[in-house]
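Comments concern the structure below.
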Amino acid sequence: NLSLAQRVRDRLLSEKASVILTRETASEVVPLTRRTEIAFENKADVFLSLHFNAFPPGIDPLAEPRGFSMFHHQPQSVELSRELQLSYRDRIPLPSNGMRFADFHVIRMTEMPSVLLESAFIMLPEQEALIVDPKFQNKLSQAIVEALWRFLRKNLREPLKEKP
């Protein structure tokens, strides 16, 4: 998760965006409440929570196609979720498990558009192999950044300049 977040950050920074990660190292523990506080304190335009999915006990991981999902809670997050879903569908070679409403703290306790992404299933060996592949992480980061720019261009109060 952190490696993907850092790739997204680096892409956004290279395009002159301002980015705040809630943690900088894998050993750092940041409580969920603190993550949303960081977004508020920094007046974030959007909040993304990046994850790789797993299964609860008793679920057959092979019962249906498994891939990526986007979760939102607030109405203002639906369009961001949609942009991410479309970008993943265009670039990520996994099934879409769709966009869904969810009651996760990090997307419930934010005022800005916020989405929790589950980019692949870490419990499926073929997807785990993708997750640790730098080329796949680059595809994911590209899909996320392109979706963010599309969303921001449509929704920010101050128009963004086109990329050079």
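The values are calculated or read from the model by the stated rules, or taken from the named source; none is laboratory data. Note that the coordinates shown come from a computational prediction; the quantities given were computed from them, not determined experimentally. Methodologically, a virtual Cβ is constructed for each residue, glycine included, from the backbone with ideal geometry; neighbour enumeration extends over all protein chains shown. Please note that ligands, DNA and RNA were not included when accessible areas were found on the heavy atoms of the full protein model with its side chains. Shrake-Rupley method; radii C 1.70, N 1.55, O 1.52, S 1.80 Å.
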Q. Considering only DSSP states other than H, G, I, E and B, which trypsin sites (Lys or Arg not before Pro) in region 38-128 qualify as loop sites with at most 10 other Cβ atoms within 10 Å?
A. K43
(Q) Please list, short to long, the whole-number percent of alpha-carbon pairs of region 28-151 in consecutive 5 angstrom bins beginning at zero. (A) 2, 11, 20, 22, 20, 15, 7, 1, 0
Q: Net charge near M109: determine it from the other residues with C-beta under 15 Å of the C-beta of M109, scoring Lys and Arg +1 and Asp and Glu -1.
A: -1
Q: Restricting things to alpha carbons, tell me how big region 17-62 is in terms of Rg and Dmax, in Å.
A: 14.5, 42
Q | Added length on full extension, which subtracts the Cα-Cα distance from 0.36 nm per residue, K135 to H105 | A | 7.7 nm
Q. How far is helix 32-41 tilted, in degrees, relative to the longest principal axis of the Cα atoms in the chain, given as a value from 0 to 90 rounded to the nearest 10?
A. 20
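Would you work out the relative contact order for region 26-164, in percent, from Cα pairs under 8 angstrom that are 6 or more residues apart?
Numbers: 198 pairs, mean separation 43.9, N = 139.
Worked out over region 26-164, it gives 32 percent.
At 0.36 nm per residue, minus the direct Cα-Cα distance, what do E64 and S3 gain on full extension? Give it in nm, one decimal, please.
Working: separation 61, 0.36 × 61 = 21.96 nm, distance 2.79 nm.
That works out to 19.2 nm of additional length.
Could you state the accessible area per residue of the chain in Å², with a 1.4 Å probe and every protein chain left in place?
Working: 9290 Å² over 164 residues.
Here the per-residue accessible area is 57 Å².
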Q) Expressed as a whole percentage, what fraction of the accessible surface of region 33-164 belongs to carbon and sulfur atoms when a 1.4 Å probe is rolled over the protein heavy atoms? A) 55
Q.
Using protein chains only and a probe of 1.4 angstrom, how many square angstrom of H51 are accessible, to the nearest 10?
A. 50
**Q.** Dipole moment magnitude, nearest 20 debye, region 46-118 about Cα centre, only Lys, Arg, Asp, Glu C-beta charged
**A.** 80
Q. Lysine pairs, Cα distance under 25 Å, 8 or more residues apart or cross-chain: how many in the chain?
A. 14
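Under a point-charge model restricted to the Cβ atoms of Lys and Arg (+1) and Asp and Glu (-1), what is the dipole moment magnitude of the chain relative to its Cα centre, in debye to the nearest 20? Mind dumping the intermediate values first?
On the way: 22 positive and 21 negative charges, 103 e Å.
Around 500 debye, computed over the chain.
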